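What follows is one structure encoded as structure tokens, with my remarks underneath.
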Amino acid sequence: MAFILRQGSTDTMQTETAHAVKSAESGATVVITHRVRHGHQADYEAWVGEIDPACRAAPGHLDLQIIRPVAGLTSTYTVVTRFDSRDNLERWLSSPERSRLIEKVRPILSTDDDFFIRTGLDFWFAPEGARARVPVRWRQFLITWSVIYPLVLGIPLLVTPVLRATGVRSTLFIDVLASTGIIVALMIYLVMPHYTRLVHRWLFR
């Protein structure tokens with residue numbers, strides 16, 4: 001059986017990926033960790049219901065992701081929030097509304113409101129810690145490009161046949177959604193952490 005990937009799907013995905021990289025270069029990301037006291041997870045989730053819309057309404061907000069703890073194993077929530085600029089991000093972090101909500105949740109946290117900010121693609125390249133050294137932009141560009149290019153070419157060739165074999169009908173939206181989701185997951189959790197360690201000496205030379 002032969003599977004054919006439509007050129008339109010690949011072109012659209014390449015364009016959307018390029019836009020995502022361009023947006024990431026000019027944006028800023030804050031990673032917030034909250035360790036919730038035992039028995040207060042429901043209270044924290046209710047608090048998230050308050051701060052989530054407030055954050056999304058802040059000027060320059062782009063995205064917010066919450067990584068919830070594994071039940072019975074951890075009690076730490078990780079919140080990753082992205083803004084279009086560091087200035088807008090810092091305005092939100094120091095805003096009266098966020099300060100009020102942080103004071104409200106503080107009694108159920110076992111640690112402080114810990115966070116660090118990364119600008120652009122530094123999120124992928126800097127080691128842990130807010131004072132981390134960051135490589136020059138052109139090296140970041142080359143490394144990111146060298147990873148995204150083969151993924152954008154190869155992932156659709158693997159994902160599209162699987163979607164068809166599982167009965168998912170051929171639609172551009174579903175194909176691009178699945179492929180880009182896998183590409184982003186591979187970039188963040190698998191490829192970039194290992195790749196940047198491999199080329200660490202060149203990156204920071």
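None of the figures in this text is laboratory data; all of them are computed from the coordinates on show. Just so it is clear, the model here is predicted, and its values are computed rather than measured. For neighbour counting, all protein chains shown are included, and Cβ atoms are generated from backbone atoms with ideal geometry for every residue, glycine included.
Starting from residues that are in contact with a helix residue (DSSP H, G or I) (Cβ under 9 Å, 6 or more places away or on another chain) and not aliphatic (A, V, I, L, M), keep the ones in the stretch 150-170 and report whichever is surrounded by the fewest Cβ atoms within 10 Å (Cβ to Cβ). Within the stretch 150-170, the match that is surrounded by the fewest Cβ atoms within 10 Å (Cβ to Cβ) is ARG169. Only helices (runs of 4 or more DSSP H) whose full extent lies in the stretch 131-205 are considered here, and the ones with at least 3 residues that are basic (Lys, Arg) are 137-165.
When the stretch 184-197 is filtered for residues that are farther than 30 Å from PRO161 by Cβ and without any contact (Cβ under 8 Å) to a residue 24 or more places away in the chain, only ARG197 remains.
Scanning the stretch 53-99 for residues that are free of Cβ contacts under 8 Å to residues at least 40 places away in the same chain, within 16 Å of the chain's Cα centre (by Cα) and not in a loop (DSSP other than H, G, I, E, B) gives ARG56, HIS61, LEU62, ASP63, LEU64, GLN65, ILE66, ILE67.
Okay, residues lined up against (1) aliphatic (A, V, I, L, M); (2) surrounded by 12 or more Cβ atoms within 10 Å (Cβ to Cβ):
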site: VAL31; (1), (2): yes, yes
site: ALA42; (1), (2): yes, no
site: ALA58; (1), (2): yes, yes
site: VAL79; (1), (2): yes, yes
site: ARG98; (1), (2): no, yes
site: GLU103; (1), (2): no, no
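Inside the stretch 154-183, can you point out the residues that are in contact (Cβ under 8 Å) with a residue 24 or more places away in the chain and among the hydrophobic types (A, V, I, L, M, F, W, C)? The answer is ILE155, LEU157, LEU172, VAL176, ILE182, ILE183.
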